[in-house]
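The values are calculated or read from the model by the stated rules, or taken from the named source; none is laboratory data. Model, not experiment: these values are computed from the prediction. Glycine gets a Cβ as well: all are built from the backbone with ideal geometry, and neighbour counts include every protein chain shown.
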Amino acid sequence: MTQKRDSFSNKFGVIAAAAGSAIGLGNIWRFPYVLGENGGGAFLLIYLFFIIAIGVPVMLSELLIGRKAQRSVFGAFKVLAPKLKFFKVVGVMGVSAAFLILSFYAVVAGWTVEYTILAAANQLVDKTPEQLTDMFSDFSSSVGRPILYLVVFMAMTAGIVIGGVKNGIEKYTKVLMPILFVIILVLCVNAVLLDGAVEGLSFLFQPDFSKINGNVVLEALGQAFFSLSIGMGIIATYGSYIQKKENLLNTAISVSIADTLIAVLAGVAIFPAVFAFGIEPDAGPGLVFVTLPNIFNQMFGGYVFAVAFFILLLIAALTSSVSLLEVVVAYITEEIHLNRKKATWLAAALVTGLGVFCVIYPVLFDSFDYVTSNFMLPISGILISVFVGWIIGKQQTKEELEEHGGKVKVIGVLIVILKIFAPIAIALVFMKNLGLLDLFNR
Ligand code: PHE
């Protein structure tokens, strides 16, 4: 029996929802801080390479798996390859990763709530860069307010997820993402006009190859997965809502371009300020929160832009966290058969509980961040590539991708990437980091 699945209303809706999941704190909070810790330009170059050579193909594979199976990620592998029970692990790992990611992601989203309030109360003005840095570290090392905002944020996320796909996710993203984009552009213009902007821009764009090591490559790979929201089955689930007449390749490319553009623009807004105001580029997770207020302080209309920026960042975080919670909820409703409302509150409560631990123990926060992106997502990435490359195979992939009626010319390259390049490249990055490659050099 085929049920009629809830579907997005049109092409823009799908791209908006997938982009809504992809674009979030990963672009504006995580990308600049990870880039800053990993040497700048060289990281950017490797990151871009991974987006094109691995990110887009894996995103396309997820879309394809979901649309072909017309199931969320848990049922999809069962439908497409009933005998290969092993692939179920992708769904299970995806749920676990989503659960862990959301627990620290919601903490950072809580920080944006604090900063929205600070900006609105005009508390960010007339502060020196040192004061802004202290303000952030006092706040983020405290417990009370971060936990309060974590709870508020998770309640908002749960509220949207209960509404379901069309009413919940699509409506918000469509209008708000373009506004966020415009504000970031304005911030970029203000940033490059700062004294000392050149130093920041060359940190971002001039690769210093001596900074590359195994960990930099691993972090770039992890950031690519995190930022595109791939390796978790989210995109596969969205794929199941996409109509046959849509071109999946274009969808994957558009979402990846939008996502990358926002990350790079966030870098352009942040790094000139890092150098102009004497902040360390490797300041870590607080980077955006200490750099941008300095720009707001200097620019015309800074108050309005500061408030608008943090509100929109919060919304960008919401559209991503909604997709993360949705994976967990889909799992609970499909596998444990709780109703949607109960499942949502249960999942949100569990995530919030774990988030509280992330607030209290920063080590937990850092390790969830590191392990999920750099290991769990890329491992699923290997399995997803192998599944489409070897099991679905060239012929069926071609048919599914050409459902919209046009020809897809890059099938040959795509299949080679999925069958061979992506799995081997990801495996090599892991081996290098686990020290396994050194064994061959003895
Ligand atoms: N991609 C989102 C961001 O950049 C975060 C996210 C990761 C969302 C994984 C869903 C899945 O903020």
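In table form, for the structure just shown:
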quantity	calculated
The listed residue being under 26 Å from Met299 (Cβ atoms) and within 14 Å of the ligand (Cβ to nearest atom), out of Ile101, Ile28, Ile117	Ile28
Qualifying positions in the range 72-91 - surrounded by fewer than 24 Cβ atoms within 10 Å (Cβ to Cβ) and touching a residue at least 12 places away in the same chain (Cβ under 8 Å)	Phe74, Gly75, Leu80, Ala81, Leu84, Phe87, Lys88, Val89
Residues being of a type in the set (Asp, Glu) and crowded, with 16+ Cβ neighbours inside 10 Å - total across the range 200-210	0
Of all residues in the range 302-346 being among the hydrophobic types (A, V, I, L, M, F, W, C) and surrounded by fewer than 18 Cβ atoms within 10 Å (Cβ to Cβ), the one that is nearest to Asn190 (Cα to Cα)	Val304
Residue check for Leu350: out of contact with any Gly (no Cβ under 9 Å at 6 or more places or on another chain), touching a residue at least 24 places away in the same chain (Cβ under 8 Å) and assigned to a helix (DSSP H, G or I)	yes
Single residue of the range 211-239 satisfying the filter (more than 14 Å from Met376 (Cβ to Cβ) and more than 16 Å from the ligand (Cβ to nearest atom)) that is surrounded by the most Cβ atoms within 10 Å (Cβ to Cβ)	Val217
Flag for Ser227 being out of contact with any Pro (no Cβ under 9 Å at 6 or more places or on another chain), among the polar types (S, T, N, Q) and farther than 22 Å from Ala316 by Cα	no
Residue ranges of helices (runs of 4 or more DSSP H) in the range 358-438 with at least 1 members surrounded by fewer than 21 Cβ atoms within 10 Å (Cβ to Cβ), at pLDDT below 95 and small (Gly, Ala, Ser)	362-371, 393-401, 411-416, 422-433
Residue match in the range 291-309 (condition: in a helix (DSSP H, G or I), at pLDDT 90 or above and within 16 Å of the ligand (Cβ to nearest atom))	no
